[in-house]
Structures are given as C-alpha cells and as structure tokens.
Amino acid sequence: MARKVLVLGEWKDGMLRNVSFEAISAGKTIAEGGEVIGVLLGESVKSFADALIFYGADRVVAVEHEQLGKYTPDGYSQGLMAVVEKESPDAIVMGHTALGKDLSPKIAAKLDTGLISDVTAIDIEGGNVVFTRPIYSGKAFEKKIPVTEQIFVTIRPNNIPVLEKDESRKGEVESLSPEIKDVRTIIKEVVRKTKEGVDLSEAKVIVAGGRGVKSEEGFQVLKQLADVLGGAVGASRGACDAGYCDYSLQIGQTGKVVTPDLYIACGISGAIQHLAGMSNSKVIVAINKDPEANIFKVADYGIVGDLFEVVPLLTEEFKKL
Ligand code: FAD
C-alpha cells in the first residue's frame, strides 16, 4: 500500500543530523512506493532541503519562523502540526533523539494516534509494516504492527541504513508560514557542558571509560584513541559519579543509549545498568584488568590488561593506518 510519509529533518549547529537521513530511509520503506515529504522547522532552514532530497525525500516543506530558531515543544508542535494539517500524511517519522523523545508524544496526543518509539528495524511482512524495537533495556526485541490509521514512529539513531546520496535527485521545496503563538518557553542561552566534537548518540565509534580510568586526566588517554578513530568519548556512571567526566557522557539505563559500529569499554566492569545503554553496539571491545569482569560476557573481543598500557598501544597502531 503506497503511503504519504512526513519525515522531520533534525538539525543542530547549522547542520542536518545524520538521523534525518536515516529517518528518510525509514520513511521510504514505510511509504512502499508512496511519497516521502521532508519537514524542516527553524528560523532559516530552507538551505537543508536539498540534502533531504538527495537522500530520498520527494519534496520538502520548510516552516521558517523566528519562534523556531531554538527548539521549544510549543513552537515545534505548532510548526509540525501545520504541515500535518496541510498534508494529512499516512505516517510520520522522526529520530528517537532528545528532541524526538520530547516532541513525539505531544504530536501523537494531538493527533490521537499511537506512537511506536525507538524503532531499530522496519520490514514489510504480509502487507503490514512491522517495526522492531528493543525492550527490557535491550535484552529482547519486540515486533509491533500499528493498529491506528496513522503510523507514527521514532527511530533509534545509527540503526536504519542511510540510502545512497544521489545529487541528481530533484524535488519541490515549499515554504509554509503558520501562525506560531503562545510559546510558553523562552530559551535565553544554551550552555554546553561538553566541547565540540562527535555527537555521542550518532558516533560510529565510542571509546568509553569507567572508574578504572581513575581520573579526569586519565580520560585524555581515551580521548586520544577516540580522536584517531574519529569517534566520541563516553563514560560509565561510576566515572561520572567519581567526577572524572561530565554526566552528559554517561551511557546506560539512566544515561544515553548508543549503538555505534565499535564500542571500546575501558576500565568498565559491565554492570547491568551500563549494558542497557551499549549492549546493542555492533562490535564491543572490552579492556579490563579483571578477567572475570562482567563486560567480557557481552564483548566480541576482550583484552585482559591495564588500560593505561593497552589504550596508548592501540592509539599508536591506529595512527599507522
Ligand atoms: P566499577 O564497577 O568500579 O568497575 C571498574 C572496573 O575497572 C573494574 O572492572 C576494574 O577491574 C577495572 N579496572 C580498574 N583499573 C583498571 C585498569 N588500570 N585497567 C583496566 N581495567 C581496570 N551505570 C552506568 O554506567 N550507566 C547508567 O546509566 C547507570 N544507571 C544506574 C541506575 C541505577 C538505578 C543504579 C542503581 C545504578 C546505575 N548505574 C549506571 C551504576 C552501575 O550499577 C555501576 O555502579 C556502574 O556502571 C559502575 O561503573 P564502572 O564500571 O565504571 O565502575
């Protein structure tokens, strides 16, 4: 069944986030040959439209408004609802990011429709769109078929393969200027806790440290390896609690959920709450002094040793590639 699918393009620091292209790819599968419409919300976002089209959107609706310069639930929901009302889509897709997690329930409630969140795979089976999502902190997966007329999903970053970029694709770019009013939040300033670099939730490689890293300076050793691999640094709650790094780096049940291609766990014991945030990584390498450490149970490759000896050696070797 061909469907009309709206896909929210998410941007940050003047760039479209990779999850936007993954969402377009998800939208294509759901559309089953129907139309995929990219949606951009912001103060000046039309310039992102081409990229959405190159990655598979058939056309783009850009809602530009001074109230949309920074994300607010009131502003974005009014902007997105204006597009939904104009297009009456059969399905809506957005990233399962901090923004998507905040915005999607609000939109689902307004539309009185169901929401399938944190989707990691989409298949068409027997005429149904089947969504796979992790449950019980990633220990199992469930498959869901929407029963509401309108399909609404958020997709977990780094799981749905992006379609090949095709710069010859063309599509209409339309502007929409709805009234946006009664925004109850004013964002005065955004204070960054972490320095610029690869976004943890979208990183293909993560080098994560635990209490075994022992100090803030110890994390510099991990940072050097992450830099050589073009990755990001993450941490266990143990390391954050000890003050070695900021809580924004915490991975796990009460931190970020990540699924990079490569996760290198250094001096992390592998508590269940940590595994909840990283066990679905594609390849896991664990470095730990204790051969009995629980992290080795989920690791594809294990190195029993002192991280302060092993990590610099890895950095030197990767530099040679
Ligand atoms: P430890 O358990 O102390 O492990 C340190 C490891 O480093 C050990 O295995 C040791 O052998 C190894 N080591 C030491 N020195 C070296 C060295 N030189 N070289 C190599 N290895 C070395 N934790 C999370 O991570 N994320 C969460 O989101 C999270 N949420 C939680 C929510 C709740 C409700 C609760 C109760 C707990 C939560 N925790 C979470 C905490 C979790 O239970 C663990 O306490 C925490 O993950 C332990 O961190 P760690 O592995 O860094 O430290």
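Here, each number is a calculation from the coordinates, and none is a lab measurement. From a predicted model like this one, the values you see are computed outputs, not experimental measurements. Virtual Cβ from ideal backbone geometry, glycine too; neighbours counted across all protein chains shown.
Once the mean 1/r over all distinct Cα pairs of the chain is inverted, what Kirkwood radius in angstroms do you read off? Spell out each step's value before the answer.
Numbers: mean 1/r = 0.0480 Å⁻¹.
Value: 20.8 Å, from the Cα pair sum.
Under 20 Å Cα to Cα from LYS320, which aspartates and glutamates show up? Leave out anything in the same chain fewer than 8 places away.
Straight-line reach from LYS320, under 20 Å: ASP227, GLU309.
Rounded, prolate or oblate: which one fits the range 40-93, using the alpha carbon gyration tensor with axes a ≥ b ≥ c (rounded when a/c is under 1.5, else prolate when a/b beats b/c, else oblate)? Don't skip to the end; give the middle numbers.
Numbers: a/c = 2.24, a/b = 1.18, b/c = 1.90.
Judged from the Cα gyration tensor, the range 40-93 comes out oblate (a/c at least 1.5, b/c at or above a/b).
Could you list, in their original order, any pairs among LYS28/LYS165; LYS12/LYS101; LYS70/LYS223 whose Cα atoms are separated by more than 23 Å? Please list the in-between numbers first.
On the way: LYS28/LYS165 14 Å; LYS12/LYS101 16 Å; LYS70/LYS223 30 Å.
With Cα atoms farther than 23 Å apart: LYS70/LYS223.
Which trypsin sites (Lys or Arg not before Pro) in the range 119-149 pass both tests, a DSSP loop state and at most 14 other beta-carbon atoms within 10 Å? Intermediate values should be presented prior to the final figure.
Details: sites: LYS139, LYS143, LYS144; in loops: LYS139.
Those that pass, being in a loop and sparsely packed, are LYS139.
Quick one: which residues, 5+ away or cross-chain, put their amide H under 5 Å from the amide H of GLY234? H built at 1.01 Å from N.
Residues meeting the amide H criterion: VAL207, ALA208, GLY209.
Taking all pairs of distinct Cα atoms, average 1/r, flip it, and tell me the Kirkwood hydrodynamic radius of the range 53-124 in Å to one decimal place. List each step's numbers first, then the result.
Numbers: mean 1/r = 0.0734 Å⁻¹.
Its Kirkwood hydrodynamic radius stands at 13.6 Å.
For the range 292-304, just list the computed ³J(HN,Hα) in residue order, Karplus coefficients 6.51, -1.76 and 1.60, θ = phi - 60°, integers in Hz, with x standing in for Gly and Pro.
Per-residue couplings from phi come out as 8, 4, 4, 4, 5, 5, 9, 7, 7, 10, x, 10, 8 Hz.
List the residues whose amide H sits under 5 Å from the amide H of VAL7, counting only those 5 or more places along or on another chain, with H placed 1.01 Å from N in the peptide plane.
ILE37, GLY38, VAL39, VAL93
Give the long-range amide H neighbours of VAL119: residues separated by 5 or more places, or on another chain, with amide H under 5 Å away, using H modelled in the peptide plane at 1.01 Å from N.
Excluding prolines and chain starts, which carry no amide H, the hits are THR154, ILE155, ARG156.
Can you give me the Cα centroid spacing of the range 144-187 and the range 84-125 in angstrom?
For the range 144-187 versus the range 84-125, the Cα centre distance is 9 Å.
Along the range 95-102, what does the Karplus equation 6.51 cos²θ - 1.76 cosθ + 1.60 (θ = phi - 60°) give for ³J(HN,Hα), rounded to whole Hz, x for Gly and Pro?
Values, residue by residue: x, 8, 9, 4, 5, x, 5, 7 Hz.
Cα gyration tensor of the range 139-246, axes a ≥ b ≥ c as square roots of the eigenvalues: rounded (a/c below 1.5), prolate (a/b > b/c) or oblate?
On the way: a/c = 1.84, a/b = 1.61, b/c = 1.14.
Prolate, because a/c is 1.5 or more and a/b exceeds b/c.
With θ set to phi - 60° and the Karplus curve 6.51 cos²θ - 1.76 cosθ + 1.60, what are the ³J(HN,Hα) couplings of the range 79-87 in order, to the nearest whole Hz, using x for Gly and Pro?
Rounded to whole hertz, the list is x, 5, 5, 4, 6, 4, 5, 6, 9.
Using Cα positions and a limit of under 18 Å, work out the aspartates and glutamates in reach of LYS170, with same-chain residues fewer than 8 apart set aside.
GLU35, ASP50, ASP58
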